[in-house]
Amino acid sequence: MILWGTGDCELTFDLSEREYCQKCQQDQDFALRLKYEYGHFYHLFGWVMSKQYQLVCPVCVHGWVLNPRAAVALIGSNPIPFYRRNGWAVMLGLGVVVGMAVVYRPAG
Ligand SMILES: [Zn+2]
């Protein structure tokens with residue numbers, strides 16, 4: 001049985017920025033969050049299908065989208081786990097290794 005699928009995740013961070021919220025009509029501590037969708041193969045080998053860093057008002061959830069590079073710089077590292085970002089590359093590498101082993105197996 002081949003097990004594959006998709007999922008989504010929302011991460012919040014202990015980072016905020018004081019901004020004026022037009023909906024609430026007052027200053028709020030806008031929080032940084034990341035929403036992303038990923039695909040996976042056996043829950044180990046993943047890839048990111050879409051991602052969006054957002055700065056959102058904690059009261060009305062109004063906000064805006066941030067530049068991904070600026071958001072990662074604020075956070076300090078890429079918050080998406082390695083196996084969800086680059087698991088597909090690990091799977092490809094394993095496939096190449098297994099393929100080479102089959103093709104170049106010792107005779108006899
Ligand atoms: Zn608001």
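Readers should treat all values here as calculations from the given coordinates under stated rules, not as data from a laboratory. The structure displayed is predicted, hence computed values, not measured ones. A quick note on method: Cβ atoms are made from the backbone with ideal geometry, for glycine too, and the neighbour counts reach across all protein chains shown.
Scanning segment 18-56 for residues that are out of contact with any Asp or Glu (no Cβ under 8 Å at 6 or more places or on another chain) and under 15 Å from Asn78 (Cβ atoms) gives Gly46, Trp47, Gln52, Tyr53. For segment 40-53, the condition of being closer than 22 Å to Ala89 by Cα, part of a strand (DSSP E or B) and among the small types (Gly, Ala, Ser) holds for at least one residue.
The residue that is surrounded by the fewest Cβ atoms within 10 Å (Cβ to Cβ), counting only those in segment 1-42 that are of a type in the set (Lys, Arg) and under 17 Å from the mean Cα position of the chain (by Cα), is Lys35. If the condition is being β-branched (Val, Ile, Thr) and within 18 Å of the chain's Cα centre (by Cα), then segment 62-108 contributes Val65, Val72, Ile75, Ile80, Val90.
Do you know which residues across segment 5-38 are of a type in the set (A, V, I, L, M, F, W, C) and closer than 27 Å to Pro81 by Cβ? Cys9, Leu11, Phe13, Leu15, Phe30, Ala31, Leu32, Leu34 - these are the residues of segment 5-38 that are of a type in the set (A, V, I, L, M, F, W, C) and closer than 27 Å to Pro81 by Cβ. Got a sec? Which of Gly93, Gly76, Gly46, Gly87 is exposed (fewer than 14 other Cβ atoms within 10 Å of the Cβ) and under 21 Å from Leu3 (Cα atoms)? Selected residue: Gly93, the only one of Gly93, Gly76, Gly46, Gly87 that is exposed (fewer than 14 other Cβ atoms within 10 Å of the Cβ) and under 21 Å from Leu3 (Cα atoms).
Within segment 26-64, being of a type in the set (A, V, I, L, M), in contact with a Phe, Trp or Tyr (Cβ under 8 Å, 6 or more places away or on another chain) and within 16 Å of the ligand (Cβ to nearest atom) holds for Ala31, Leu32, Leu55, Val56. The set of residues in segment 17-27 being closer than 20 Å to Gln52 by Cβ and either free of Cβ contacts under 8 Å to residues at least 40 places away in the same chain or touching a Lys or Arg at 6+ places or on another chain (Cβ under 6 Å) (or both) consists of Glu17, Glu19, Lys23.
Applying a threshold of 9 Å to beta carbon distances and a minimum spacing of six or more residues, or different chains, the list of pairs starting in segment 59-81 at a residue that is among the aromatic types (Phe, Trp, Tyr) and ending at one that is within 16 Å of the ligand (Cβ to nearest atom) reads Trp64/Phe30; Trp64/Gln54; Trp64/Leu55; Trp64/Val56.
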